Amino acid sequence: MTRKPEPVQVIKQRRDAVLAALVAGVPYIRYLGISFDRRGDELTAVMPFDDKLVGNPFLPAIHGGVTAAFLEVAAIIELSWSLLWDEMEGGGLDPARLTPETLPRLPKTIDFTVDYLRSGLPRDAYARARVTRSGRRYASVQVEAWQDNRARPFAQGIGHFLMPGPEG
Amino acid sequence: MTGTGHGGGMAQQFLQMIPHARALGIRLDDLGEGHAVLSMPYDSRFVGDPRTGVIHGGAVSALMDTSGGTAVLSLPGATGTATIDLRIDYMRPATPGQRITARAECYHVTRSVVFVRATATDEDARRPVATATGAFTVERGAGGPADRMPR
């Protein structure tokens, strides 16, 4: 017996609603203006350029702290997204009732290292993260950010995260 | 030049001119040769966990990075700096509502690279919120110590 596949719009709405709830709950993500593009389960963090993100007004260049924050946000959302995926696809998360308060708890950053490869130009920035290890208690995530050229990243990062407890 | 040490004027100026440091409300509390103390107020816009009101680690990173750069610029003859890498260890969540203070020191200085350590605390200064280590580039103006070093 085969089940009829879900209509594509239902799937998209559910995934977009879960992603939106994940991102909307964090004031600092809103403050930096970061949003996420989704293609299937692949996420790309997008940070449009804004004057308040500048760290060196002479070049000008994006502040190193902003770059670090952008990478960390991209890493933690990717990790949370990968943790929620199975539950979401299995129907265990009701997107209609998802609010920042009812979402499962997010992983906590243990440490985060940023490599500054080039100065961040006054342009939009993009980042993609990859969960390289996802254990019961700890996870490792790599992340890379670029601007005009995907092959020329301006920063890369690696972080370790403490998984949320079973109490949720 | 201010009374806060060699290069103090440069570092003060540096901080005033950074749009993102202004956006975070970062203030220079103390400056000496190779060390800097910077702080930022609690602000609900910078919260990372709405359930607890704890400030996002990214905002703490921005404060740490700025304190490291400021410490480098407080070195005699330093005219410019950029972060090469920065590692942050998050010890505990900062207490909501409290000011966060970062103390940065240059613990080793070479002709073109400065190694920096920083510690962030909230109002309980005995238990760090986060620590950081980083390498920063340093540019030096004409006549600075860099020009007398062998190349």
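The values are calculated or read from the model by the stated rules, or taken from the named source; none is laboratory data. Keep in mind the model is a prediction, meaning the values are calculated, not measured. Using ideal geometry, Cβ is built from the backbone for each residue, glycine included, and neighbour counts are taken over all protein chains shown. Heads up: the accessible areas ignore ligands, DNA and RNA and are worked out on the full protein's heavy atoms, side chains in. Shrake-Rupley method; radii C 1.70, N 1.55, O 1.52, S 1.80 Å.
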Residue check for B:R51: open to solvent by 20 Å² or more (accessible area, probe 1.4 Å) and closer than 20 Å to A:I62 by Cα: no
Qualifying residue in the range B:30-44 (condition: of a type in the set (D, E, K, R), out of contact with any strand residue (DSSP E or B) (no Cβ under 6 Å at 6 or more places or on another chain) and away from every other protein chain (no Cβ under 12 Å)): yes
Residue within the range A:75-83 that is part of a strand (DSSP E or B) and open to solvent by 50 Å² or more (accessible area, probe 1.4 Å) present: no
Output for the range B:76-100, where each listed residue is open to solvent by 20 Å² or more (accessible area, probe 1.4 Å) and more than 26 Å from A:L121 (Cα to Cα): B:P76, B:G77, B:D89, B:Y90, B:M91, B:R92, B:P93, B:T95, B:P96, B:G97, B:Q98, B:R99
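Matching residues to (1) among the small types (G, A, S); (2) within 11 Å of another protein chain (Cβ to nearest Cβ); (3) open to solvent by 60 Å² or more (accessible area, probe 1.4 Å):
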site	(1), (2), (3)
A:T109	no, yes, no
A:L117	no, yes, yes
A:G120	yes, yes, no
A:Y126	no, no, yes
A:T132	no, no, yes
A:Y138	no, no, yes
Count of residues meeting criterion [in contact with a Lys or Arg (Cβ under 8 Å, 6 or more places away or on another chain) and among the charged types (D, E, K, R)] in the range A:109-148: 4
Selection status of A:E42, surrounded by fewer than 24 Cβ atoms within 10 Å (Cβ to Cβ) and in contact with a Leu (Cβ under 7 Å, 6 or more places away or on another chain): no
Tally of residues being farther than 14 Å from A:I29 by Cβ and either more than 7 Å from chain B (Cβ to nearest Cβ) or among the aliphatic types (A, V, I, L, M) (or both) across the range A:41-54: 5
Selection status of A:A17, more than 9 Å from chain B (Cβ to nearest Cβ) and surrounded by 16 or more Cβ atoms within 10 Å (Cβ to Cβ): yes
Residue selected from the range A:55-68 under the condition among the β-branched types (V, I, T) and either open to solvent by less than 10 Å² (accessible area, probe 1.4 Å) or in a helix (DSSP H, G or I) (or both), by the criterion farthest from the other protein chains (Cβ to nearest Cβ): A:T67
